[in-house]
1. I need the phi-derived Karplus couplings for region 62-74: 6.51 cos²θ - 1.76 cosθ + 1.60, θ = phi - 60°, integer Hz, Gly and Pro marked x.
2. Once amide H atoms are built 1.01 Å from N in the peptide plane, which residues 5 or more positions from residue 86, or in another chain, come under 5 Å H to H?
3. What is the distance in Å between the Cα centres of region 1-69 and region 86-108?
4. Taking the dipole about the Cα centre of region 25-114, with the C-beta of Lys and Arg at +1 and of Asp and Glu at -1, give me whichever of 78, 43, 26 is farthest to the positive side.
5. Where Lys and Arg each count +1 and Asp and Glu each count -1, what net charge lies around residue 39 among other residues with Cβ under 15 Å from its Cβ?
6. Sort region 22-63 into rounded, prolate or oblate with this rule: let a ≥ b ≥ c be the square roots of the eigenvalues of the Cα gyration tensor; rounded if a/c is under 1.5, and if a/c is not under 1.5, prolate when a/b is larger than b/c, oblate otherwise.
7. What is the magnitude of the charge dipole of the chain about its Cα centre, with +1 placed on the Cβ of each Lys and Arg, -1 on the Cβ of each Asp and Glu, and no other charges, expressed in debye to the nearest 20?
8. How much accessible surface area, in Å² rounded to 10, belongs to the heavy atoms of residue 79 with a 1.4 Å probe?
Amino acid sequence: QVQLVESGGGLVQSGGSLRLSCAASGSISSLRAMGWYRQAPGQQRELVGNIMSSGSTSVDDSVKGRFTISGDIAKNTVYLEMTSLKPEDTGVYFCFAAASYLLWGQGTQVTVSS
């Protein structure tokens, strides 16, 4: 079974940067999009951004100008470049892949200290 493998989380000070990576362990057919959700403690999971099979990208308004999504759908990879991090960005970041089914990564912790 194909899995999504994430890396790049960690502890960073406010104003710092991190880069998250996500890659599928195998090929995912008919992949429409990949991207990232995040979940803060006690909060619902929220969409951070995604990249479509067309190559178009979008990010949530809360991170616009600070976070950048990139990747290669054909290679089943997606990245999240995070800059000017704030304590409110703290949470578990989950990679997802949308095909005929939805696949999730195991999550990677991002902690931003003030």
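1. Result, rounded to whole Hz: 5, 10, 4, x, 10, 10, 10, 9, 8, x, 9, 4, 5.
2. Those lying under 5 Å, H to H, from residue 86 are 15.
3. What the calculation gives is 6 Å, centre to centre.
4. Farthest along the dipole direction, towards plus: 26.
5. Working: positive: 38, 45; negative: 6, 46, 60, 88, 89.
Summing Lys and Arg as +1 and Asp and Glu as -1 gives -3.
6. Here region 22-63 falls in the oblate category.
7. Computed charge dipole of the chain: roughly 100 debye.
8. Roughly 70 Å² of residue 79 is accessible to a 1.4 Å probe.
The values are calculated or read from the model by the stated rules, or taken from the named source; none is laboratory data. Note that the coordinates shown come from a computational prediction; the quantities given were computed from them, not determined experimentally. Quick reminder, even Gly has a Cβ in these numbers, built from the backbone with ideal geometry, and neighbours come from all protein chains shown. Remember, those area values only see protein heavy atoms, side chains included, never the ligands or the DNA or RNA. Shrake-Rupley method; radii C 1.70, N 1.55, O 1.52, S 1.80 Å.
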